[in-house]
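Student: Once you've had a glance at the structure underneath, I'll fire off some questions.
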Amino acid sequence: MKLHRRWIPMVILAAVVMAGVAIYLMWERAIAPIQPPMPSSFDSQLTLRGARVMALGDCAVCHTARGGKPFAGGLALATPFGTLYSTNITPDPETGIGTWSLDAFTRAMRRGIARDGHQLYPAFPYIHFTRMSDGDIAAAYAYLMRREPVVAKTPPNDLIFPLNFRPLVAFWNVLFLRTGPDTPEGSRSAQWNRGRELVSGLGHCAACHTPLNLIGGEKWGQAFEGGVIDGWEAPPLTRLAHGPVPWTPAQLVTYLRTGISSAHGAAAGPMLPVTQELATVPRDDVEAMATYLFSLQKPTSADTGTARAAAADQLSIQRGSVLFAGACAACHGDMSPMQSIGGRPSLATSSAIHAATPRNTIQMMLEGVPWQGERRLHYMPAFDEALGDAQLADLAAYLRATYSRLPPWDSVSQAVTELRKGDAAK
Ligand code: HEC
Ligand code: HEC
Ligand code: HEC
């Protein structure tokens, strides 16, 4: 098609306007560097509050590399768009945030912009942290600035084109970032409002528990409807009943603070560090979270999506039964000594075994529950090297048939293969 001459100026004008809008959106000023503040310039009460903020926000979980110094960054985060590294947020002036003023830090937490003006990637959950109060942001800043500076250079990211071009995040932000704290709802209790602030803000629970769209944004209108993270299923928090026993607020508090609920199972995979952090914060905070989460509950639909499942494979279940007796019954058998240690959940009420997909049951066998020291006795070895794909599939079929009254899962073998390869991480 030939473009009529008359249109050419219009097209050029449109292109210029669009480029202008793009540059306007992308352009962020640098905030002047400061001399690293003296640790003694921060009030110790504020620093103490900061420690609580850091735990509620899981800052150490992401900003500490395996075996690395706390908050010195360098942890690799795998995303569908490539690998991204968390940065050093200790007060080192060269490799950390030592020259950041409180203004620069606040802008990063609320809008995902670094001190020098570059866009930060949303793997840093600023779309949730933006709901934090000013007080909490100042407390986190005080806490970080009072720590020992650590010299640690962040490894370069390895992202696919064009996402390795940071300014594009500005467009993403137009779609997904709504800045600033929520206004408290007067009709709700102070506890509910605090719970909302913690769950949807600092606690960024939606980052894992909400389904993502193709460009890695949380799907609109589906907050807390369940997501997939690192190959694990983060179950919906709007329908908290993934086993035969419904949750109560008290059980939820216990689960979030201890990583174990006698009627639902243990926190594992990416949820385990969340509970380890929540173990250190005041009980009130976690009770507020539970109050808010219970207000989100929707009726569960009868359709679990498994109605069309294949008929149970009896041979597979039998093979699984033999494997279970050998590899698992010492800990999970009804009469096993370990099972009798106070309050250990039975597999018969496990959320993983009652889930719509076999994902978390398989992940549990592949990864186990890491040893957390003498104080926490719920340890399970990882079976990824001891058991083959077919054995894992047989065990999953056996567990589902024995410990739930639900129809068998379909495509268990396929799920095992995908999870082992890490393909299903998305
Ligand atoms: C889910 C993982 C995750 C969590 C949780 C997290 N961060 Fe980060 N954060 C990141 C990543 C990844 C980056 C780097 C983003 C980039 O380079 O674009 C980052 C960047 C930052 C930056 C910018 C630093 C710089 O040098 O550019 C600050 C400040 C920061 N985080 C503070 C915090 C604080 C405070 C908390 C806790 C309240 C926290 N983060 C929790 C992943 C996380
Ligand atoms: C050393 C003891 C031990 C062994 C052996 C063991 N487990 Fe576990 N398993 C645990 C612990 C501890 C948990 C966390 C929940 C709890 O306390 O029961 C757990 C949790 C689970 C869960 C998830 C329950 C939930 O929802 O939290 C599944 C599924 C599971 N194990 C399957 C197996 C299978 C299959 C085997 C054998 C291949 C096995 N386990 C071997 C100790 C063990
Ligand atoms: C880093 C990802 C991640 C974050 C952040 C996260 N979760 Fe989870 N959560 C998971 C995964 C994965 C599971 C399933 C594995 C398991 O049960 O251990 C889970 C399980 C749960 C369960 C158990 C549900 C059931 O029926 O067994 C609850 C409750 C829960 N999360 C609440 C929360 C709350 C509240 C927050 C915010 C404070 C939160 N989660 C933040 C990943 C996450």
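The values are calculated or read from the model by the stated rules, or taken from the named source; none is laboratory data. What you see is a predicted model; the values in this text were computed from it and never measured. Here the Cβ is made from the backbone with ideal geometry for all residues, glycine too, and neighbour counts use every protein chain on show. For accessibility, only protein heavy atoms count, side chains too; no ligands or nucleic acids. Shrake-Rupley method; radii C 1.70, N 1.55, O 1.52, S 1.80 Å.
Student: Going by the alpha-carbon gyration tensor, a ≥ b ≥ c the square roots of its eigenvalues, is the stretch 141-203 rounded (a/c under 1.5) or, if a/c is not under 1.5, prolate (a/b greater than b/c) versus oblate? Could the numbers behind the result be given before it?
Tutor: Values: a/c = 3.58, a/b = 1.43, b/c = 2.51.
Because a/c hits 1.5 or more and a/b fails to exceed b/c, the stretch 141-203 counts as oblate.
Student: Hey, any idea what % of the chain's accessible area is carbon plus sulfur with a 1.4 Å probe?
Tutor: Details: 13590 of 22320 Å².
Ligands and nucleic acids excluded, carbon and sulfur reach 61 percent.
Student: For labels at Asp134 and Glu418 in the simple 7 Å Cα→Cβ model, what's the distance in nm?
Tutor: 4.8
Student: Is there a quick way to get the dipole size of the chain? I mean about its Cα centre, with the Cβ of Lys and Arg at +1 and of Asp and Glu at -1; what is the value in debye to the nearest 20? Each step should come with its number before you reach the end.
Tutor: On the way: 37 positive and 34 negative charges, 197 e Å.
With Lys and Arg at +1 and Asp and Glu at -1, about 940 debye.
Student: Could you list the chymotrypsin sites (Phe, Trp or Tyr not before Pro) in the stretch 200-237 that lie in coil according to DSSP, counting only those with at most 16 other Cβ atoms within 10 Å of their Cβ? Don't jump to the answer; show the numbers that get you there.
Tutor: Numbers: sites: Trp220, Phe224, Trp232; in loops: Trp220, Phe224.
In loop regions of the stretch 200-237 (DSSP not H, G, I, E or B), the sparsely surrounded chymotrypsin sites (Phe, Trp or Tyr not before Pro) are Trp220.
Student: To continue, here is another question. What's the angle, to the nearest 10 degrees (0 to 90), between helix 412-421's Cα axis and the longest principal axis of the chain?
Tutor: With rounding to tens, the tilt is 40 degrees.
Student: Give a residue-ordered list of calculated ³J(HN,Hα) values for the stretch 82-95 (Karplus: 6.51 cos²θ - 1.76 cosθ + 1.60, θ = phi - 60°; whole Hz; x for Gly, Pro).
Tutor: Values, residue by residue: x, 9, 10, 10, 6, 9, 7, 10, 7, x, 5, x, 8, 9 Hz.
Student: Still on this structure: Return the inverse of the average 1/r over all pairs of distinct C-alpha atoms in the chain, which is the Kirkwood hydrodynamic radius, in Å to one decimal. Intermediate results must be reported in sequence, preceding the final value.
Tutor: On the way: mean 1/r = 0.0420 Å⁻¹.
The answer is 23.8 Å.
Student: Could I ask something else about it? PRE reach from Asp116 (point 7 Å along Cα→Cβ): which of the stretch 125-166 fall under 14 Å by backbone N?
Tutor: 153-157, 166
Student: A follow-up question, please. Using the alpha-carbon centroid of each, what span in Å lies between the stretch 1-72 and the stretch 117-177?
Tutor: With the stretch 1-72 and the stretch 117-177 each reduced to a Cα centre, they are spaced 6 Å.
Student: Given Pro125, Ala325, Ser262, which one lies farthest toward the positive end of the charge dipole of the chain, if we put +1 on the Cβ of every Lys and Arg and -1 on the Cβ of every Asp and Glu?
Tutor: Of the candidates, Pro125 comes out farthest on the positive side.
Student: Can I ask one more? How big is the dipole moment of the stretch 1-143 about its Cα centre under a simple scheme where the beta carbon of each Lys and Arg is +1, that of each Asp and Glu is -1, and everything else is neutral? Debye, nearest 20, please. Let's see the in-between values first.
Tutor: On the way: 13 positive and 9 negative charges, 151 e Å.
It works out to roughly 720 debye.
Student: Taking 25 Å as R0, compute the FRET efficiency from the Cβ-Cβ separation of Thr280 and Arg188 and round it to 0.05. Please report the intermediate quantities before stating the final value.
Tutor: On the way: r = 27 Å, r/R0 = 1.07.
So the FRET efficiency works out to roughly 0.40.
Student: Quick check for you: which residues of the stretch 79-113 have the amide N under 16 Å from the point 7 Å beyond the Cα of Leu168 toward its beta carbon?
Tutor: 79-84
Student: Once Lys and Arg get +1 and Asp and Glu get -1 on their Cβ, which of Met18, Val245, Pro407 lies farthest toward the positive end of the dipole of the chain?
Tutor: About the Cα centre, the residue reaching furthest to the positive side is Met18.
Student: When each pair of different Cα atoms in the stretch 314-425 is counted once in the 1/r mean, what is the Kirkwood radius in angstroms, to one decimal?
Tutor: Working: mean 1/r = 0.0694 Å⁻¹.
This gives a value of 14.4 Å.
Student: Shifting gears a bit: By how many nm would the segment from Ala14 to Ala356 lengthen if fully extended, with 0.36 nm per residue of separation less the alpha-carbon distance?
Tutor: Numbers: separation 342, 0.36 × 342 = 123.12 nm, distance 4.94 nm.
Length gained, Ala14 through Ala356: 118.2 nm.
Student: How many percent of all Cα-Cα pairs in the stretch 1-68 sit more than 13 Å apart?
Tutor: Details: 1843 of 2278 pairs.
Across the stretch 1-68, Cα pairs with separations above 13 Å total 81 percent.
Student: Separate question: Quickly work out the Ser44-to-Thr83 label distance, labels modelled 7 Å from Cα along the C-beta direction, and quote it in nm with one decimal.
Tutor: Result: 4.2 nm between the two label points.
Student: Give me the extension gain from Arg6 to Gln35: residue separation times 0.36 nm, minus the current Cα-Cα distance, reported in nm with one decimal. Could you put the intermediate results ahead of the total?
Tutor: On the way: separation 29, 0.36 × 29 = 10.44 nm, distance 5.76 nm.
Working it through step by step, the gained length comes to 4.7 nm.
Student: To continue, here is another question. Rounded to a whole number, what is D in µm²/s for the stretch 28-176 from Stokes-Einstein with the Kirkwood radius over alpha-carbon pairs (4 °C, 1.567 mPa s)? Intermediate values should be presented prior to the final figure.
Tutor: Values: Rh = 15.6 Å.
The estimated diffusion coefficient comes to 83 µm²/s.
Student: log10 I(q)/I(0), Debye, Cα-only the stretch 190-295, no solvent, q = 0.12, 0.16 Å⁻¹?
Tutor: One equal scatterer on each Cα of the stretch 190-295 leads to -0.38, -0.69.
Student: Report the local net charge at Ala152: Lys and Arg +1, Asp and Glu -1, summed over other residues whose C-beta lies under 9 Å from its C-beta.
Tutor: Values: positive: Lys69, Lys153; negative: Asp92.
Its environment carries a net charge of +1.
Student: Follow-up question, since we're still on this one. When only alpha-carbon atoms count, how far does the stretch 97-236 stretch along each of its three principal axes, as whole angstroms with the largest first?
Tutor: Here the Cα extents, ordered largest to smallest, are 45, 36, 28 Å.
Student: Quick check for you: with a 1.4 Å probe and neighbouring chains kept, what is the accessible area per residue of the chain, in Å²? If you can, show how the numbers build up before the last one.
Tutor: Working: 22320 Å² over 426 residues.
Ligands and nucleic acids excluded, the result is 52 Å² per residue.
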